[in-house]
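This report concerns only the one structure given below.
Values quoted throughout were computed directly from the atomic coordinates according to the rules given, and no laboratory measurement underlies them. Just so we're clear, the structure is a prediction, and the values are computed from it rather than from any experiment. Heads up, the Cβs are rebuilt from the backbone with ideal geometry, glycines too, and the neighbour counts pull from every protein chain shown.
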Amino acid sequence: MGALIDSHVIEEIRARVDIVELIGSRMELKKAGSSFMGCCPFHNEKTPSFSVNPVRQYYHCFGCGVHGDVFKFLQEQDGLTFVDAVRVLADRAGVTIAEKYDQSAGSRKMLYALHAELAAFYQRCLLQSKGAAGARAYLEERKLDDKTVESFGIGYAPARPRNAVLKWAEKNARPVEQLIAAGIVLPPREGQRRDDYYDRFQSRLMFPICDTQGRVVAFSARVLEQGSKAAKYVNSPETDIFVKGRVLYGLNKAAAKIVKHPRREAIICEGQIDVIRCHAAGFETAVAAQGTAFSREHVKLLKRYADCVVIVFDGDLAGKKAAVRSGALLLEEEIPVRVAALPPGEDPDSIIRSRGYEGFKAILESARSITAFQIAFLREQEQAPDSIDAVSRVTHGVLETLAGCASAVLRSSLLQESADLLHLPLSALSDDLESLQAHISKRRHYAERPPAPPPVKAQAGSAADDEPPIPDLPPGPADDEDYDFNPEYAGMAGFEPIKPPNEAEMLLCEMLIEHEQEVPLLNLVINHLPYDLIIHPFAREVVRAIIEGCRSGRDMLADLYRKTEAELMPLFDDLLNHKHKMLCATEATPEEAVQDIIKRLWIIHYRSEQGGLPAESTSENDMQRLKLSCLIKELETGAWSRISQHMRIPEAAALTPSPCREPANSAELHDAEPSGYAVDNASAYSYPDEFQSSECPPDETLDL
């Protein structure tokens with residue numbers, strides 16, 4: 001249930017909060033008759049024209065025209081939503097918002113308190129624990145001073161004793177069930193001792209994640225050991241107070257700075273260290289997506305505070321692709337976006353450390369529009385950028401970005417700039433853009449049409465017997481021998497609503513999206529997973545786009561995103577937000593995770609074969625059933641080095657590290673015909689072998 005606050009509670013808060021005291025704590029006010037005057041905080045002025053009336057509990061600026069009450073003031077000054085402003089002022093005025101207005105308030109209150117206490121615990125561990133020496137050395141090496149570390153609440157999850165967080169919980173009367181609900185510890189596996197809980201974050205540097213009110217809602221933990229096979233970052237799972245797609249790292253500090261910025265401009269970075277470095281250097285409008293790709297939900301959240309955005313992603317190929325993809329999403333919400341080009345191998349953290357404030361400021365000021373950046377980026381990928389085919393590809397990519405732009409003025413301006421940069425007539429680009437938009441509109445029309453009700457069977461002798469038969473619809477994906485995913489089939493009359501991929505397919509797509517430039521992971525799929533084992537057409541298209549994109553050097557995943565129909569867009573956004581991400585629940589390396597997913601898909605395949613065998617008992621059927629049972633058992637229990645031979649694709653054309661090869665032919669991609677394998681929606685998360693029992697005595701005891 002959402003946050004519902006009764007009107008009489010709001011009025012009580014309004015009556016208890018002194019608007020002069022509230023605004024006077026932020027700026028200088030002087031008595032002027034029955035009102036108070038000061039220089040407006042919403043625009044630059046030298047002569048006071050901002051009036052605050054204590055009787056009417058109202059403010060008004062005679063210069064810029066802004067006006068409102070105590071709630072509106074906090075919304076405009078601190079970038080809060082109305083509900084958040086009410087809650088902040090309720091705490092200030094000592095007004096209790098009864099839980100009956102929000103049924104989940106009790107659970108959330110517990111989680112907020114638990115995370116606040118844990119954040120303080122981790123900070124004490126960083127400062128006092130002997131085992132945190134490596135963490136302190138890492139922060140010193142990254143030149144993060146004590147003030148910055150304290151400001152962002154950075155801490156350390158101790159490695160010794162192994163159950164340190166459980167000892168802390170016991171000492172502070174926190175039941176272990178609360179730690180499990182918060183995702184801090186994992187419960188014992190089946191067959192393990194009942195008290196054998198596993199600390200998700202042990203031996204990691206801890207970054208608290210805060211909501212817009214500054215409350216800790218989750219953690220992001222960075223591994224410190226060089227060469228460790230564990231995931232570099234492990235994040236808290238989603239809870240009642242934490243949804244990844246609705247949280248931007250650093251927004252709690254940046255929101256007020258963004259709304260006060262002359263252009264209300266936000267800086268979007270890729271990583272937490274980048275955001276921290278930006279804030280420490282004076283660029284206090286920086287935020288970052290929390291362990292996910294930038295999504296539509298992030299855009300809508302940022303739009304509450306920002307009118308425009310500058311993207312500063314890493315200077316590598318993946319960073320440039322992500323910048324284009326994120327820029328297209330921002331345009332869809334009518335947010336002008338510029339992209340700052342960083343040298344390869346550089347990020348905001350390294351730039352600020354090497355060039356200082358002025359160097360990074362110069363990079364921000366030189367940022368180009370999203371289309372200018374995309375044109376330059378796409379031309380870099382072409383061997384002959386001025387050739388007709390190269391110009392066609394570059395133009396098509398830019399038009400697909402502009403096709404989603406909701407603002408006619410912004411779209412027209414960027415189209416004019418694109419025409420100038422490409423040395424093409426504006427009229428030609430306009431015609432192609434209109435055609436592309438018409439095609440997208442048609443595709444969405446089919447996707448959004450409700451399915452027709454099943455035909456009513458006519459009674460014998462009725463008039464329906466004399467009607468001509470209804471012609472067959474185009475064949476669906478499962479019946480089309482030359483498979484080519486056509487989103488326009490979705491939602492057409494006679495078709496059932498689209499079902500999502502199974503859990504293993506979603507995990508595979510997420511892993512490959514997150515690691516789309518890591519050739520060894522893609523080669524695991526190429527060498528060990530035929531396309532026809534990926535049952536769902538959408539999941540198959542995502543995997544195909546990533547592999548083909550790596551072969552050709554094009555961002556085919558972005559192309560697929562733009563072409564995906566509306567009904568499947570929530571699935572795509574879930575993938576980009578890592579809703580099912582395996583590494584959030586285990587310490588498996590990306591390679592181990594992909595191996596596990598491939599194994600699962602083969603098991604699903606063999607179980608489907610087994611279920612398709614004739615029911616009658618014959619020597620041939622029984623032998624085949626036994627062979628499949630033994631094979632499934634071996635896949636379920638065997639190590640990858642032993643079982644991978646059963647999943648090997650002969651003569652697989654592996655990828656090379658170079659992203660600029662010519663597109664491969666269909667034989668290289670092993671594009672087999674789709675088949676009707678049964679979908680298994682089981683989500684059997686497997687714990688890695690490195691999760692050991694905690695029977696060994698700890699060699700260090702924390703007294704915190």
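Does the stretch 209-367 classify as rounded, prolate or oblate by the C-alpha gyration tensor (a ≥ b ≥ c root eigenvalues; a/c under 1.5 gives rounded; else a/b over b/c gives prolate, otherwise oblate)?
Because its axes are fairly even, with a/c under 1.5, the stretch 209-367 counts as rounded.
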Completion exercise
Output ordering of 177-189, 231-243, 548-560 (per-residue mean of other Cβ within 10 Å, highest first) is 548-560, 231-243, 177-189
Exercise for the section: Quick one: of LYS31/LYS253; LYS232/LYS260; LYS321/LYS563; LYS499/LYS627; LYS130/LYS253; LYS109/LYS143, which pairs are farther than 24 Å apart, Cα to Cα? Expected result: LYS31/LYS253; LYS232/LYS260; LYS499/LYS627; LYS130/LYS253; LYS109/LYS143
Problem - Rounded D (µm²/s) - the stretch 263-443, Kirkwood Rh over Cα pairs, Stokes-Einstein at 37 °C, 0.692 mPa s - result: 194 µm²/s
Fill in the blank from the handout: Summing +1 per Lys or Arg and -1 per Asp or Glu among the other residues with Cβ less than 14 Å from PRO336's Cβ gives 0
Practice task
Determine the dipole magnitude for the stretch 263-443: charges of +1 sit on the beta-carbon of Lys and Arg, -1 on that of Asp and Glu, nothing else is charged, the reference point is the Cα centre, and the result goes in debye to the nearest 20.
Solution key: 460 debye
Completion exercise
Quick note on GLU565, GLU332, ordering by fewest other C-beta atoms within 10 Å, gives GLU332, GLU565
Problem - Table column - 3J(HN,Hα) (Hz), the stretch 302-317, Karplus curve with 6.51, -1.76, 1.60, x for Gly and Pro - result: 5, 5, 4, 10, 9, 9, 8, 9, 10, 8, 10, 8, 4, x, 8, 4
Practice task
Based on other C-beta atoms within 10 Å, arrange MET623, MET206 from fewest to most.
Solution key: MET623, MET206
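Need one number for the stretch 7-101: average projected area of the convex hull over its C-alpha atoms, nm².
6.2 nm²
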Exercise for the section: Under 1.5 on a/c is rounded, so check that first for the stretch 505-647, then, if it is not, pick prolate when a/b is larger than b/c and oblate when it is not; a ≥ b ≥ c are the square roots of the alpha carbon gyration tensor eigenvalues. Expected result: prolate
Exercise for the section: Read phi for every residue in the stretch 408-425 and hand back ³J(HN,Hα) as whole Hz from Karplus 6.51 cos²θ - 1.76 cosθ + 1.60, θ = phi - 60°, with x for Gly and Pro. Expected result: 5, 5, 5, 4, 5, 5, 5, 5, 4, 4, 5, 4, 5, 5, 8, 6, 10, x
Handout entry: Cα gyration tensor shape for the stretch 105-242, rounded if a/c is under 1.5, else prolate or oblate
Key = oblate
Problem - PHE219, PHE62 arranged by Cβ crowding within 10 Å, fewest neighbours leading - result: PHE62, PHE219
